[in-house]
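The values are calculated or read from the model by the stated rules, or taken from the named source; none is laboratory data. The model shown is predicted, which means the values in this text are computed figures rather than measured ones. So basically every Cβ, Gly included, is an ideal-geometry build from the backbone, and we count neighbours across all protein chains shown.
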Amino acid sequence: MAGGCCGDSCAAPALGVQRRMLGVVLTVNVAMFLIEAGAGWGAQSVALQADALDFFGDSLNYATALYVLSKPLSWRAGAALVKGLAMLAFGLFVLGSSVHNAVLGASPEAPVMGVIGLLALCANLGCALLLFRFRGGDANLRAVWLCSRNDAIGNLAVLAAAGGVAVTGAHWPDLFVGLVIASLAAWAGQSVLRQAWQELAGHQAAAAE
């Protein structure tokens, strides 16, 4: 009796650990979305708003992973459809905010960008460490770990934008980073939508046969 359990006897405890871990990182990402979105709006920083969009997308990813953790695979397409719509809508909002700030030409508050960007970096690194044990798990769990790890790059870009704004006094570093992050998020949203729609169509076709 190697390991003291076999088959499904260890599945429930493992599932419970995964749920708790996903619940923690979901809470962190929702909190950071609210903090960064508010700070970005108040500081007139497109980069912070775009990075908040990243936390928003991650929150949807973690919520989806948590929701479908013990459900059939057919549920994933419907959840992904909602996620894609939300990501695309928020991405377009940030892009619109970029145009608005470009026209006004107002420089964002670099100190706020730096502090919130550093907080976001710490949050993503903390989530990545929490999820490190699942990096070799199934595709769903591995994806959420990679998500937190890769998001740290976006946080570094926000910090670079804050430095650029502080040095130049111009709003272009903030706009550039914000446009890049928001464009990638909007593109990811429409990609998720397209794939989810194809999966739903395939599932309905299979059910009709």
(message) Of everything in the range 22-38, what is surrounded by fewer than 24 Cβ atoms within 10 Å (Cβ to Cβ) and either under 19 Å from ALA162 (Cα atoms) or of a type in the set (S, T, N, Q) (or both)? Give them in sequence order.
(response) THR27, PHE33, ILE35, ALA37, GLY38
(request) Residues being part of a helix (DSSP H, G or I), modelled with pLDDT of 75 or more, more than 22 Å from MET32 (Cβ to Cβ) and out of contact with any Asp or Glu (no Cβ under 8 Å at 6 or more places or on another chain): count how many of those fall in the range 133-172. (result) 4
(message) Need pairs with beta-carbon distance below 7 Å; first residue closer than 14 Å to ALA37 by Cβ and free of Cβ contacts under 8 Å to residues at least 12 places away in the same chain and within the range 108-126, second of a type in the set (Val, Ile, Thr) and surrounded by 15 or more Cβ atoms within 10 Å (Cβ to Cβ); sequence gap 6+ or separate chains.
(response) none
(message) If the requirement is being at pLDDT 80 or above, of a type in the set (A, V, I, L, M) and buried (at least 19 other Cβ atoms within 10 Å of the Cβ), which of these qualifies: ALA43, ALA63?
(response) ALA43
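Per-residue answers, yes or no, for (1) of a type outside the set (Phe, Trp, Tyr); (2) touching a helix residue (DSSP H, G or I) at 6+ places or on another chain (Cβ under 8 Å); (3) over 28 Å from MET21 (Cβ atoms); (4) buried (at least 19 other Cβ atoms within 10 Å of the Cβ):
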| residue | (1), (2), (3), (4) |
| --- | --- |
| LEU92 | yes, yes, yes, no |
| SER97 | yes, yes, yes, yes |
| HIS100 | yes, no, yes, no |
| LEU104 | yes, no, yes, no |
| PRO108 | yes, yes, yes, yes |
| GLY114 | yes, yes, yes, no |
| LEU119 | yes, yes, no, no |
| ALA123 | yes, yes, no, yes |
| LEU129 | yes, no, no, no |
(request) Can you give me the number of residues within the range 19-61 that are under 17 Å from LEU121 (Cα atoms), touching a helix residue (DSSP H, G or I) at 6+ places or on another chain (Cβ under 6 Å) and not β-branched (Val, Ile, Thr)? (result) 22
(message) For the range 34-69: of the residues being among the aromatic types (Phe, Trp, Tyr) and free of Cβ contacts under 8 Å to residues at least 40 places away in the same chain, which is nearest to LEU22 (Cα to Cα)?
(response) TYR67
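Could you tell me whether MET87 is part of a helix (DSSP H, G or I), modelled with pLDDT under 80 and either touching a Leu at 6+ places or on another chain (Cβ under 8 Å) or surrounded by 18 or more Cβ atoms within 10 Å (Cβ to Cβ) (or both)?
yes
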